Structures are given as structure tokens and as C-alpha cells.
Amino acid sequence: MKLRLLYLILIFTSCKEDKKEVLLADREAPLGWIYLKMYNDKTFEFISKGMMRDNDIYKGSYELKNDTLYFKYNDSIPKAGSKAVIDKGFVNYINGSYHESVQIKLNKLPAGQ
């Protein structure tokens, strides 16, 4: 019985695809940082970190169409918004209550979707 369970666990872990970062972007904010981390499984994290405040982490899934990113948040939506454009090495949010822009440090997103 234990051997079967171990065998099933090994099969499951060997079939599981590793979650890899496909886009990393950030910027320095007053007393903190803003991070965008996007993964190959179409999930993302938008993180606002600060020395004088708690970390705000917004998670969800994304869709890329041409140069436009559509973010679907699991819970609340940050003030930066849910739609962004990739342009000249930056991810520029375009539908939030304020303009947010993070500089791309790593971009392995598939082109031309």
C-alpha cells in the first residue's frame, strides 16, 4: 500500500510542469517598490511593498492580446487597473484611477498572440 502511494506521488510530481516567470517588471515607489510577476501558467502577482505599510499582493490570471495585457484579479483590483500595454520596455496600466508604469526586467512572453 505504501509503495503504491509513493509511486502515485512520484508520477504526479514528475508530470507537474514547473511554474516559471515569463515577465518581471518593477519600479521604485515612495518608501517601497511595485512589482509585477507573470508566470507561464497564465497567473500573475502585482505586489506593492513598502517600509511604512504592509505588502499588498494582488493575484489572478492574465491574457495577452498583441501588446495588451488583460488582468483578471482573484479578489480586489488595485488602483493601477486591470488593463495594460507593453511599450518600449515598460508595462503601462491604462484604465486605473492613476497612471502606473513598471519597467520590464525579464520578458519571455510569446510574441504575436
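The table for this structure:
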{"read-out": "Selection count, segment 27-41, where residues are open to solvent by 20 Å² or more (accessible area, probe 1.4 Å) and within 17 Å of V85 (Cβ to Cβ)", "value": "1"}
{"read-out": "Candidates F71, F44 - the one that is under 14 Å from V22 (Cα atoms), open to solvent by less than 90 Å² (accessible area, probe 1.4 Å) and in a strand (DSSP E or B)", "value": "F44"}
{"read-out": "Candidate set: segment 47-68, residues that are without any contact (Cβ under 8 Å) to a residue 24 or more places away in the chain and open to solvent by less than 30 Å² (accessible area, probe 1.4 Å); chosen: the one farthest from L106 (Cα to Cα)", "value": "G50"}
{"read-out": "Top-ranked residue of segment 47-61 - restricted to ones that are of a type in the set (S, T, Y) and out of contact with any Lys or Arg (no Cβ under 6 Å at 6 or more places or on another chain), ranked as farthest from E21 (Cα to Cα)", "value": "S48"}
{"read-out": "Members of segment 83-95 found to be part of a loop (DSSP other than H, G, I, E, B) and either touching a Leu at 6+ places or on another chain (Cβ under 7 Å) or at pLDDT below 95 (or both), listed by number", "value": "none"}
{"read-out": "Of residues in segment 78-109 being closer than 20 Å to W33 by Cα, aliphatic (A, V, I, L, M) and under 13 Å from the mean Cα position of the chain (by Cα), the one surrounded by the fewest Cβ atoms within 10 Å (Cβ to Cβ)", "value": "L106"}
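The values are calculated or read from the model by the stated rules, or taken from the named source; none is laboratory data. None of the values given here were measured: they were computed from a predicted structure. When we count neighbours, we look across all protein chains shown, and the Cβ atoms used for this are built from the backbone with ideal geometry, even at glycine. Heavy atoms of the whole protein, side chains included, go into the accessibility calculation; ligands, DNA and RNA do not. Shrake-Rupley method; radii C 1.70, N 1.55, O 1.52, S 1.80 Å.
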